[in-house]
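Working notes, beginning with the structure itself.
The values are calculated or read from the model by the stated rules, or taken from the named source; none is laboratory data. Just so you know, these numbers come straight off a predicted model, no measurement behind them. So basically every Cβ, Gly included, is an ideal-geometry build from the backbone, and we count neighbours across all protein chains shown. These area figures cover heavy atoms from the full protein model, side chains too; ligands, DNA and RNA do not enter into them. Shrake-Rupley method; radii C 1.70, N 1.55, O 1.52, S 1.80 Å.
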Amino acid sequence: MQEKEPIMLFHVTIDPADITDVKCGLEAATIIPFHATVDSPLFTGETVPGSVDVQQENAAGIRSLCARYAFRGTDREGTPCTLFVENCGWFQTGRQPGTPLHACPRFLTDSKALAPYLSQPRFRTEVHGTEKGVDIWVFDVVGPS
């Protein structure tokens, strides 16, 4: 299913000097701290310290990722709130350059306006590489709510 427009777009910046790689035989782990912003009709904010993407690669070259982070900002009604995101996915190393990575996000928020919508399992993400990091496009796979 190809949705027309993302409901949110996260702009992630990564400092390559902050990345930690650990290799053991054919397996590896990578820890990627980052900073992100979002400006959408639903929510506007920026990440709090501690945002990290942890990737693990097995001997078959399959890499899992689990990014966990929280934004502080305002919801669509202008009310201050926090939005926690857990975005998990898998990909084959050596995939075609420019191909987006697909993942499944989970959201938690203290926003009374957004919690009923964002707490549902109805979203997917596409992760697109940029010059300074990645952009994460959040899509609602069910449709308008």
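T44: net charge of surrounding residues, Cβ under 13 Å, Lys/Arg +1, Asp/Glu -1, itself excluded?
-2
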Query raised in the report: Rounded to the nearest 0.05, what FRET efficiency is calculated for A115 and I31 with R0 set to 25 Å and r the Cβ-Cβ distance?
Result: 0.25
**Report entry** Distance between region 66-105 and region 1-39 - C-alpha centres, whole angstrom
**Finding:** 8
Query raised in the report: What distance in nm separates the simple spin-label points at L108 and Q96, each placed 7 Å from Cα in the Cβ direction?
Result: 3.8
Report summary line: Sparse-neighbourhood loop hits (GluC sites (Glu not before Pro), region 29-128; DSSP loop; Cβ within 10 Å at most 16 others) -> E77
Query raised in the report: Which one, (i) 114; (ii) 99; (iii) 128, gives volume of the Cα convex hull per residue in Å³ as derived from the coordinates shown?
Result: (i)
Report task. Could you please state how large a percent of the accessible area of the chain is carbon and sulfur, counting protein chains only and using a 1.4 Å probe? Result -> 57
Query raised in the report: Taking 0.36 nm per intervening residue step and subtracting the Cα-Cα distance, what contour gain separates R76 from C88 on full extension?
Result: 1.8 nm
**Report entry** Dipole moment magnitude, nearest 20 debye, region 44-97 about Cα centre, only Lys, Arg, Asp, Glu C-beta charged
**Finding:** 140
Requested in this report: Work out the length of the dipole vector of the chain about its Cα centre, built from +1 on the beta-carbon of each Lys and Arg and -1 on the beta-carbon of each Asp and Glu, and round it to the nearest 20 debye.
Outcome: 320
Query raised in the report: Under 5 Å between amide H atoms, partner at least 5 residues away or on a different chain: which partners does R122 have, H built in plane at 1.01 Å?
Result: none
Report task. Go through region 15-27 residue by residue and turn each phi into a ³J(HN,Hα) via Karplus (6.51, -1.76, 1.60, θ = phi - 60°); whole Hz please, and just put x for glycine and proline. Result -> 9, x, 5, 8, 7, 10, 10, 10, 10, 9, x, 8, 10
